[in-house]
Amino acid sequence: MTSSPTTLAAVAAGCTLLAYGASRLTKKATSSTDLALTDLDDEIFSEEDCISADDVVAIFDKLFLTMQNVVVQLSQQVQQIQMSGQMIPEAQLRQLLKAEFERALVACQAQVFEENDVDADCLEEATWEFMEEEEKYPKVKRAVERFQKLYESISGEEVVGWTPNKGKTPTAGAKKELSAEELIKAATLYFETLTEKMVEIAKEYKAAGKDLKDPKVSQQYQMEASSDANDVAEEKLKSEMDIVMSDFRAAVDKHSRVPAVGQTLGMLQIKQQQELMAAGVPMM
């Protein structure tokens with residue numbers, strides 16, 4: 001099975017993808033002869049051969065969970081480097097993290113594609129086709145944008161909402177520079193809101209009799225919390241402080257070496273971990 005090394009990075013980062021026009025999308029790449037036959041007989045492939053919306057969701061969910069763990073590992077490595085006293089410029093650190101993320105993604109996507117018996121190009125085509133009808137396929141939109149947000153968090157690039165036809169949705173109120181003091185206030189609001197929502201979701205799981213220690217339940221929780229909790233926290237930042245995530249991340253990059261900022265971020269992270277553990281959420 002062939003697979004471009006940057007296939008899913010392209011989906012996340014919004015690179016130009018191959019144009020497509022086939023009326024049916026199959027799980028395996030087709031030759032020009034196959035396409036000609038398809039034009040003559042649209043029923044040449046069974047429904048099982050086509051990439052469904054559920055296939056796309058399952059693939060992006062698996063990639064998200066795997067790459068989320070990679071992000072956690074990269075974060076731990078950065079902490080170890082910083083604790084050793086080494087100082088890496090923010091721009092260089094961001095590039096290193098992005099490169100490591102994409103390197104891990106190459107290996108991850110090859111395995112996921114093989115497990116799901118899909119061709120990379122056909123997956124791209126199917127993904128954008130479903131995204132063009134986002135109201136009809138909300139689960140696809142949610143899964144793809146969840147992955148885009150993860151890539152955005154590690155790369156610093158604004159990519160959420162990008163599709164080949166419409167580009168990226170403009171971010172209202174962007175390019176607002178925050179002082180270190182404003183960042184501390186924003187970070188406190190963001191993490192407290194994020195943690196509160198994650199704890200709320202954990203309680204709902206427990207009330208429904210779901211065991212968060214069960215790996216499958218834990219994965220389901222991770223995906224739901226990553227989407228819902230982040231959305232709530234982002235909306236809180238926007239409504240109360242008129243701050244969008246791109247500006248929040250830019251401020252973190254700019255002020256993270258300010259002692260007061262670093263201490264606040266560290267304390268917020270520890271507090272979040274403590275509250276999630278108390279709520280029965282297993283730490284990754």
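The values are calculated or read from the model by the stated rules, or taken from the named source; none is laboratory data. For clarity, every value in this text was computed on a predicted model and none was experimentally measured. Cβ atoms come from the backbone with ideal geometry, glycine included; neighbour counts cover every protein chain shown. These area figures cover heavy atoms from the full protein model, side chains too; ligands, DNA and RNA do not enter into them. Shrake-Rupley method; radii C 1.70, N 1.55, O 1.52, S 1.80 Å.
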* Asked: Pick from region 197-230 the residues that are farther than 13 Å from Val281 by Cβ and of a type outside the set (A, V, I, L, M, F, W, C): which of them is most open to solvent (accessible area, probe 1.4 Å)?
  -> Lys216
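Could we say that Ala207 is of a type in the set (A, V, I, L, M) and within 24 Å of Gln79 (Cα to Cα) here?
Criteria not met by Ala207.
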* Asked: Considering region 237-268 alone, what residues qualify as being within 21 Å of the chain's Cα centre (by Cα) and open to solvent by 70 Å² or more (accessible area, probe 1.4 Å)?
  -> Lys238
* Got a number for residues in region 105-123 being touching a helix residue (DSSP H, G or I) at 6+ places or on another chain (Cβ under 8 Å), in a helix (DSSP H, G or I) and open to solvent by less than 20 Å² (accessible area, probe 1.4 Å)? -> 7
* Asked: Which pairs have Cβ atoms under 7 Å, sit 6 or more apart or on different chains, and link a residue in region 271-284 that is in a loop (DSSP other than H, G, I, E, B) to one that is open to solvent by 90 Å² or more (accessible area, probe 1.4 Å)?
  -> Ala279/Lys203; Gly280/Lys206; Pro282/Lys213; Met283/Met277
* Qualifying residues in region 180-227 (those that are among the acidic types (Asp, Glu) and part of a loop (DSSP other than H, G, I, E, B)) - the one farthest from the chain's Cα centre (by Cα) -> Asp211
* Select from region 73-104 the residues that are more than 22 Å from Val258 (Cβ to Cβ) and not polar (S, T, N, Q) and write down the one among them that is surrounded by the fewest Cβ atoms within 10 Å (Cβ to Cβ). => Ala99
* Just one of the numbered conditions (1) in contact with a Leu (Cβ under 7 Å, 6 or more places away or on another chain); (2) on the phi > 0 side of the Ramachandran plot is not true of Ser218; which one? -> (2)
* To do: With a cut-off of at least 3 residues that are modelled with pLDDT of 75 or more, name the helices (runs of 4 or more DSSP H) lying wholly within region 7-95.
  => 53-83
* To do: Report yes if some residue within region 127-143 is modelled with pLDDT of 85 or more, outside any helix (DSSP H, G or I), loosely packed, with under 15 Cβ neighbours inside 10 Å and on the phi > 0 side of the Ramachandran plot; otherwise report no.
  => no
